[in-house]
C-alpha cells in the first residue's frame, strides 16, 4: 500500500484530493460508500485512509484509540509532530477532525505498520453489506436508501507486543445498538501472528436516518451497491 499515492505531505500539513481519497476507498479498502464518491455533496476522506496516514506519520503504539470528530474533505489538516499521548488533528482554523490517544511502547517499523494497516483496511472493506445488513435485519431497522449515511466514529487497538511482522486481523463479533433514528455499530476483532493471538481491538460506526427494515428495499440497495462496485472494477481493469 503506497500511501504517497493517496495524500500529499508538506511538513506537518497533509492534504487529500477527492480523487486520491475516492481511489483509496474503492481500490484499496474495497469501500464503495457514496460519501467517498468524487462528486458526493457530503464527500469525506475514508476513515481507513486517515487511520493509515496516522500510523505512517505518528507510529504505532501498543494501545491506541482514534476518535473521528469531523469529516475531512478536500482540505488540509495538520498532524503535529508530537510525542504526546493525546494528539489532535486540526485544520488552519482550529477545527478538530481526529483525537488520537496512545499509551505504551511506540514503533515506527514500516513493515509492521504497513502490514497491520493492510489487514485492518481489508477487514473494514467487508463491513457493507456483509456485516451491516444482517445486523440491521436483526434489529428491524435500515438506513435511508436514498441517503445512506454510514460513518466512522472511532477505533481502538491493543497489542500485547510490538515485535511483530505480519499480524492478521480476524473478526470476533459485531453488534448494533439502536437509539431512535441513530445506531452505533461495534465490530470486534483480534490480531493473530503465526496462529497466536497478539492483540485485539474494535471499530465503531454510526448509522443515521434509520427507519423500519424493509427486506425488498434493502435488497435493492445491496444490488445497486454491488452493480456500482462491479462496474467500477470493470472500468478500472480496462484502464489498468
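What follows is calculated from the coordinates using simple rules that are stated; it is not laboratory data. Everything numeric here is computed off the predicted structure, so don't read it as measured data. Methodologically, a virtual Cβ is constructed for each residue, glycine included, from the backbone with ideal geometry; neighbour enumeration extends over all protein chains shown.
A few comments on the model shown:
- Degrees, to the nearest 10: 215-239 long Cα axis against longest axis of the chain: 60
- On full extension, the segment bounded by residue 138 and residue 85 gains 15.2 nm, given 0.36 nm per residue less the C-alpha separation.
- Of the residues 61, 22, the one with the fewest other Cβ atoms within 10 Å heads the list, and the complete ranking is 61, 22.
- Ranking of 186, 57 by neighbouring Cβ atoms within 10 Å, starting from the fewest: 186, 57.
- Normalised contact order of the chain, rounded percent, pairs of Cα under 8 Å and 6 or more residues apart: 17
- Here the range 15-57 is scanned for amide nitrogen atoms under 16 Å from the site 7 Å beyond the Cα of residue 93 along Cα-to-Cβ, giving 43.
- For the range 1-125: Kirkwood Rh in Å [reciprocal of mean 1/r, alpha carbons]: 14.7
- Paired Rg and Dmax values of the range 183-240, which use every Cα atom, in angstrom: 17.9, 44
- Protection proxy ranking of 137-149, 24-36, by the mean of other Cβ atoms within 10 Å over each peptide's residues and highest first, is 24-36, 137-149.
- Computed from the C-beta positions of residue 42 and residue 111, the FRET efficiency with R₀ = 25 Å rounds to 0.10.
- Difference of contour (0.36 nm per residue) and Cα-Cα distance, residue 239 to residue 17: 77.9 nm
- Across the chain, Cα-Cα pairs farther apart than 24 Å form 47% of the total.
- Relative to the current alpha-carbon distance between residue 170 and residue 146, full extension at 0.36 nm per residue lengthens the span by 5.4 nm.
- Burial order of peptide ranges 227-238, 106-117 (average beta-carbon count within 10 Å, highest first): 106-117, 227-238
- Degrees between helix 110-124 axis and first principal axis of the chain (Cα, 0 to 90, nearest 10): 10
- Label-to-label distance, nm, for residues given as residue 5 and residue 177 (7 Å Cα→Cβ offset): 3.9
- Model label zone, residue 213; criterion: amide N under 19 Å from point 7 Å along Cα-to-beta-carbon; scope the range 100-140: 127-140
- Cβ crowding within 10 Å ranks 97, 225 as 225, 97, fewest other Cβ atoms first.
- Inter-probe distance in nm under a simple model that places probes 7 Å from Cα toward Cβ, at residue 206 and residue 30: 2.7
- For peptides 128-135, 83-90, sequence by mean Cβ density within 10 Å, most packed first: 128-135, 83-90
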